[in-house]
Amino acid sequence: LRSYLRDESARLRLLRRFYEKVQALHQDPKASVDNPLLAFSLIKRLHSDWPNVIYSDEATRNTQALHAGLREVEQELPGAEDLEGAARALMRLQDVYALSVKGLASGVFQRAGQPPLYSPGRRASLSADDCFHVGKVAYDTGDYYHSIAWLEEAVSLFRLSYGSWNLEDRSSLEDALDHLAFSYFMAGNISHALSLSREFLRYADPRNQRVSRNVAKYKKLLETGTGASARPLQRPNSPRLQSRLPWSPSSSGVPPHTLLGPLPPQAAPEQLLHLGCSYETNGSPFLLLQPAKKEMVRSQPHVALYHDFITDAEAETIKGLAGPWVSPPCPQGCPFPAAGAWLKDTADPVVRALERRMAALTGLDLRPPYAEHLQVVNYGLGGHYEPHFDHATSTKSPLYRMKSGNRIATIMIYLSAVEAGGSTAFIYANFSVPVVKNAALFWWNLRRNGNGDGDTLHAGCPVLAGDKWVANKWIHEHGQEFRRPCSADPQD
């Protein structure tokens, strides 16, 4: 595009010079006819020069070069699925962090009456066309809860610029009114659907027969009183997991701020007694000179955060090794943590050293097949994981095909920092751990009796701003019999 603009600017400068020359010669129309030289020049300009300018080979070459450049990179450009995924990511951020659509459209990440969750250094706002396309994604799936909010903002912005046209716009006020009217109709608000449809006919296309029929239908419904009454819009729930409900602040009664902070105020006093920070060697010579910096986040479930567990250089090495192979999480959020790149300890000395460090920290046997390879995952725009357990909840789970038992523990290493969002939320335990760069989060998935710990249900909250990288290490039961033995109490 930069090359095209440069070439076209040069061509237009020549075209302007031609225009100024013609304008100067036409200052005295009578002289142009009286003087045979001027008359000849006029005839030549009108016969050959002007068509040459109109059908300029240079203009054609510039356009062809622009098209050729597009074809070269077309396979690398985002597709329709990417656009839909990005729109759904915005709606996810809107829901989980209770952000206002009007605020998002103006570049503000804020809940009503509260300080901004995130203040970008450079504010980026959305156009009317942008808002329309987010609303259209919701509209196409029958999600009128979201389509109404985004299309309302699109209509509002289109009204402010009515009559003007932007090169990048693919929609218009008419499109937004049309979709918004039907969204309100489907939501049961017939009178507002009628009002918007009338506005469409007044400003857009008075002869549009489909909208005219809708107006007549809405009027009849209102006159006879047979139309559905307006009802509060409900945010649609994911059909994948029933456990999504407690994760969503709007449907569970869980205050949204508990998804952002490291510890909720509801923590019981007896739980707080066991929390604190310490240097840990775990009896390992490997950690004597540089003990692990342990922050006990929660005692039930047992969750600990180890600060400065890896260095910046190690994190970059792991990201570099995994980068070409990392597949992003599912566009709508994965029900299980299954997408990513897998690194063996033979991939690089850094991975091998990290494996030794994790073994020293946990006191567990991480040699294959007692632990899985290191899994690296990248979360982009609004990236998240649905609520899930790391351990298998059924003996039919594919995890048991490894013949090394269930996943007894998880180590999750934060390889990057994020500006906002991205916390690891433990749903039933009602607390979350924010992203702390280079820290490792550890928890036991199984109780000492081998049963799964229900309080470890967790989710990756959507990334509000930034790029989140994590590395997961899942450790299995077999090989740990004498490292984490059963308790004398079968209930433990």
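Observations on the model:
- Of all residues making up segment 174-200, the number that are open to solvent by less than 50 Å² (accessible area, probe 1.4 Å), in contact with a helix residue (DSSP H, G or I) (Cβ under 7 Å, 6 or more places away or on another chain) and among the small types (Gly, Ala, Ser): 6
- For first residues located in segment 365-386 and in the same structural domain as Tyr400 (by the TED database) and in contact (Cβ under 8 Å) with a residue 40 or more places away in the chain, partners that are among the aromatic types (Phe, Trp, Tyr) and outside any strand (DSSP E or B) and lie 6+ apart or on another chain with Cβ distances below 9 Å form the pairs Val376/Trp325; Tyr385/Phe336; Glu386/Trp247; Glu386/Phe336.
- Selection from segment 364-388 of residues that are open to solvent by 30 Å² or more (accessible area, probe 1.4 Å) and within 17 Å of Asn445 (Cα to Cα): Tyr370
- Filter pass, Ser171 being assigned by the TED database to the domain that holds Phe132, in contact with a helix residue (DSSP H, G or I) (Cβ under 6 Å, 6 or more places away or on another chain) and part of a helix (DSSP H, G or I): no
- Condition met for Leu415 (assigned by the TED database to the domain that holds His391 and closer than 24 Å to Ala315 by Cβ): yes
- Selection of segment 147-168 for residues being of a type in the set (D, E, K, R) and part of a loop (DSSP other than H, G, I, E, B) yields only Glu168.
- Lone unmet requirement of (1) over 16 Å from the mean Cα position of the chain (by Cα); (2) within 17 Å of Leu464 (Cα to Cα) for Gly85: (1)
- Scanning segment 389-413 for residues that are of a type in the set (A, V, I, L, M), open to solvent by 10 Å² or more (accessible area, probe 1.4 Å) and assigned to a strand (DSSP E or B) yields a total of 2.
The values are calculated or read from the model by the stated rules, or taken from the named source; none is laboratory data. What you see is a predicted model, and the numbers here were worked out from it, not measured in a lab. With ideal geometry, Cβ positions are generated from the backbone for all residues, glycine too; neighbour counts draw on all protein chains shown. Quick note on the areas: whole protein, heavy atoms, side chains included, nothing else; ligands and nucleic acids left out. Shrake-Rupley method; radii C 1.70, N 1.55, O 1.52, S 1.80 Å.
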